[in-house]
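*Asks:* Could you have a look at this structure, given as structure tokens, before my questions?
Only the coordinates and a few stated rules stand behind these numbers; no lab work does. Bear in mind that the values here come from a model prediction, so they are computed numbers and not experimental data. Positions of Cβ are generated from backbone atoms using ideal geometry, with glycine treated the same way; all protein chains shown enter the neighbour counts.
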Amino acid sequence: MKITIEGASEEFAEKVLALAAQQGAELTVATVQTGWTVDRAERYLRSLPVGARRFAEMVVVEGDGYLDADQLRSVIGRLNGPTVALSRAVPRGVKKGWWPEGTSAPITPVSDPDNPSWHQNIAYQMDTENVPVFREALRNLLLSSARPWSGEAPSALDAPTGWAAADDIPRVMGPNSDFEQGS
């Protein structure tokens, strides 16, 4: 027998397990943590295009988890592109197995309470417990991309800055092309 409990409190899950145990069921309990970790936050930020990553950076660093939409617009311009990228990053990460189903979006829009029918958001926010996690992730990304100059130009075949070697990186040339490195 397999029982999957998603989106329930721990107390409720324990009651279901106790009920199943009364019926003689042998159960294995596996918990999935849907919260944000530094590794997940780094992967999330790495998956974003430049404008969306700048958007996230501003909410985390400059806004400390809350930033007015007008301030974002003054730096980024129209917010349509970055907000679409932010909204698609979480489902893409679930599909690729980077984080579990049920992981919430780290940045959410704030609607105008005085004018809820008007769809332009007045701000964007991040839960306070996620702000230090994303600060650390941004710091790690910055440190990983700040390599000392060795005097040689980086290879065009290396993973771009901010991407992990195992990421599915879009390439101009296919992996089976006739190009020889160093020629």
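*Asks:* Might you report the magnitude of the Cβ-based charge dipole of the range 38-145 about its Cα centre, with Lys and Arg at +1 and Asp and Glu at -1, to the nearest 20 debye?
*Replies:* On the way: 13 positive and 13 negative charges, 146 e Å.
In total the dipole reaches around 700 debye.
*Asks:* Just rank I76, I107, fewest to most, by other beta-carbon atoms within 10 angstrom.
*Replies:* With the sparsest Cβ surroundings first, the list reads I76, I107.
*Asks:* Please work out how much length the chain gains when fully extended from R92 to S104, using 0.36 nm per residue of separation minus the C-alpha to C-alpha distance, in nm with one decimal. Walk me through the numbers on the way to the answer.
*Replies:* Details: separation 12, 0.36 × 12 = 4.32 nm, distance 1.25 nm.
Length gained, R92 through S104: 3.1 nm.
*Asks:* Non-local amide H neighbours of Y66 (under 5 Å, H modeled in plane, Pro and chain starts lacking H): which ones?
*Replies:* HN-HN under 5 Å from Y66: M126.
*Asks:* Rounded to the nearest 0.05, what FRET efficiency do R78 and I122 have when you use their Cβ-Cβ distance and R0 = 22 Å?
*Replies:* Numbers: r = 16 Å, r/R0 = 0.72.
Computed FRET efficiency for R78 and I122 comes out at 0.90.
*Asks:* Still on this structure: Could you calculate the FRET efficiency of K15 with D158 from 1/(1 + (r/R0)^6), where r is the beta carbon distance between them and R0 is 41 Å, rounded to 0.05? Can you show the working numbers first?
*Replies:* Working: r = 53 Å, r/R0 = 1.29.
So, using R0 = 41 Å, E works out to roughly 0.20.
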